1. What is the one condition in (1) touching a strand residue (DSSP E or B) at 6+ places or on another chain (Cβ under 9 Å); (2) closer than 23 Å to residue 477 by Cβ that residue 364 does not satisfy?
2. Any residue at all in the stretch 578-600 that's under 26 Å from the mean Cα position of the chain (by Cα) and either closer than 25 Å to residue 399 by Cα or modelled with pLDDT of 80 or more (or both)?
3. If a residue has to be in contact (Cβ under 8 Å) with a residue 24 or more places away in the chain and assigned to a helix (DSSP H, G or I) to count, how many in the stretch 320-342 make the cut?
4. Scan the stretch 622-640 for residues that are loosely packed, with under 14 Cβ neighbours inside 10 Å and among the polar types (S, T, N, Q) and jot them down.
5. Residue by residue through the stretch 264-302, note down the ones that are of a type in the set (A, V, I, L, M) and not in a loop (DSSP other than H, G, I, E, B).
6. Contact list please: Cβ distance under 7 Å, first residue in the stretch 397-423 and open to solvent by 50 Å² or more (accessible area, probe 1.4 Å), second residue polar (S, T, N, Q) and part of a helix (DSSP H, G or I), pairs at least six apart or on different chains.
7. Does any residue of the stretch 75-82 turn out to be crowded, with 16+ Cβ neighbours inside 10 Å and in contact with a Leu (Cβ under 7 Å, 6 or more places away or on another chain)?
8. Can you pull out the strands (runs of 3 or more DSSP E) entirely within the stretch 65-139 that have at least 1 residues that are in contact with a His (Cβ under 8 Å, 6 or more places away or on another chain)?
Amino acid sequence: MDRYHLENPGCLTPDELSEDAQLIMETGNQHERNILEELKGSSAELREINQDANSINATRGALSSRVPIVYQAKIEAGNFAGYADFIILDPQTGKYQIWDTKLARSPKPYYAIQLCCYSEMFAEMMGEPMPEKFGIILGADADGICDRIELRIEDFIHYYRHLKDNFLAMQANFDGDMESRPIPDPRADHGRWQSHADAYLDERDHLVRVAGISTGQIKKLNEAGISTLADLAGTSGRSISKMPRETLDRLVHQARLQMETRELRRVDEKAIAKFDILPTEDETGTLVGLGAMPPEHPADVYFDMEGYPLTPGGLEYLFGNTTIDPETGEYEFTDFWAHDRAGERQSFEEFIDWVYARWRANPGMHIYHYASYEVTAVRRLSSLHNTRQDEVDELLRHELFVDLYKIVRRGLRIGEESYSLKKVERIYWPDSRTGLVTMAIGSVVHYARWMHSGEPRDWNESPILKEIRDYNKDDCDSTAELGKWLRKLMAENGIPQASDSKALRSSDQSDIKPLNEVTAARLEVAGKLREKGDDISRVLADLVDFHRREEKPVWWKFFDRADSEAEVLRDDNGCIANVEATGEPVSEMRSLLLEYTFDPAQECKISAGEKKFVSFTHEKFVKLNLFEIDLNLGTLKLKATTKTLQNFGGVFPESGYLIPHEIVPAEPIPTALTAVAESYLENSLNPSATALL
């Protein structure tokens, strides 16, 4: 599209750069400027290259003179040219390396491709061997620290050259015919050509418009001659190679509802989407969808957060909550604000204290949210700030957080292209949003405006913050309206409120126990160290509870997987979905072996060995060894002792999922660290150990 635009000026109109794209670009440029100032403050000489007609000669001169740091060097070779953020001389090897700044806090594959290209151009332009490594300076974390990652060129150069050859072949065959454009990647961000890509996909009724469809599923359908949403909607009675029947049925059902909704909206663009109610039990008899909706409670909370991802480490700046007055039925809004890291900790603690106290006073209440962002953020903040972890654990363990997105996805099939809250609410809350901010990215842009506006931190005195608050309140109110609508559907269709143990976990507070003696003693030691307040005490205080704290995210990941749909686990290459037992157990030394089968079409990176796995069936877990696996045949053998199987009724599970058990026991390290901490408090720690700390 860029080339066509260059060769045919005036034929196409690129999209204007959106406000959020401008914000991200400016934030990235600021990150680069920050690194530039940091390097200017170092002892090494830095040469800045102006982007003008002399830039290539200025770059050659700086590099030939072995200037330690060259900023915005222009490099070119053959058909390629570019400006490298930094070319830095490694004082140990005497060789240059290309470094690039990226706003993201983790590396992405295309970074390596870009830096391979820069390194190749540099070597050819300067007549030097290819650099051995390149580097990426990532965005700052919550402590303002920018990770610097070095990668070996040899690990990426062959893949880069394969991509480069394909790219050059495409350019050589470019004929300027718009009809021969390649199909745009449906999942990609096409920048200033996004509206053109969207129009292209809409004109061709591309399968990507089917809600919830994956790239792999699109490929399998295309191979079977199904290339449009209409084709898929009309598919019946067929089988698709390497696609389970239930997956195909789901996709066909989804496409059919979207087609019916399209027809309605051709007559009335505001027509409500068609939808169907799905079964309330899965194949194992577990309640799902509307069947898993917990009983309504007058103290229920409807929760939504706003975050600003472009500040170092990101900032969760608004915790919004809608509750319903049991007497009047009116919505009440409770919000907690933060505008810096210290404020984030304080607001997080205030929110957790508020909702935890509300639960203790109202057993049976739940905290409803839509999609995974809120729970992920709550977990992350408890670890980041090292606070309220036990309260968060109790809220999670008692199933207080209810993701209405999962209820909707498992309970309804809706004729919309996505199941975002803004799409789904067209059915139950149409035309109810009236504020200036209507999308999450809009709240990010508005918050950036506030940061530069000089307006007060109090939303009562800041028009911009008031708009963001109104938007967040709309999201919370919409979540409450969604809960009402789902229960209305249940009543109309004779679906009882869930009464299983999982839905009622929040009612039973009898298993809330004080910390065990060992943990309580460690936390007491940590508290005394923090009171002491010197640098060594603070380090030791963090170390004493480190392993208990760091185990929590591993357990959270495990239980997330255990609560996932079979299709989600099929796409998770660390798991195996739908394993079925065959035959009878056989003896293997002092253990038993049982063979299972599974669909070999699912991708997985599991290999046999000592690594433990957990089989999950009907909310029961048993830790087993994966003794043998054949990914081509779809067979595996699980190994267990009789004692282990006692936790599962004395027998192997008939069916279920294999989910990795990734907890690595930390003992005796925590005990040893506690002993060191106690010795320091008693002033009996060996001086050499103190020096190391």
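1. (1)
2. Checked the stretch 578-600: at least one residue is under 26 Å from the mean Cα position of the chain (by Cα) and either closer than 25 Å to residue 399 by Cα or modelled with pLDDT of 80 or more (or both).
3. Of the residues in the stretch 320-342, 1 are in contact (Cβ under 8 Å) with a residue 24 or more places away in the chain and assigned to a helix (DSSP H, G or I).
4. Across the stretch 622-640, the qualifying residue is only 632.
5. Answer for the stretch 264-302, where residues must be of a type in the set (A, V, I, L, M) and not in a loop (DSSP other than H, G, I, E, B): 264, 267, 277, 287, 290, 292, 301.
6. Short answer, once both residue conditions are applied: 399/506; 417/258.
7. no
8. 95-101
The values are calculated or read from the model by the stated rules, or taken from the named source; none is laboratory data. Keep in mind that what you see is a predicted model, and the values were worked out from it rather than measured. Here the Cβ is made from the backbone with ideal geometry for all residues, glycine too, and neighbour counts use every protein chain on show. Just so you know, the surface numbers come from the protein's heavy atoms only, side chains and all, with ligands and any DNA or RNA stripped out. Shrake-Rupley method; radii C 1.70, N 1.55, O 1.52, S 1.80 Å.
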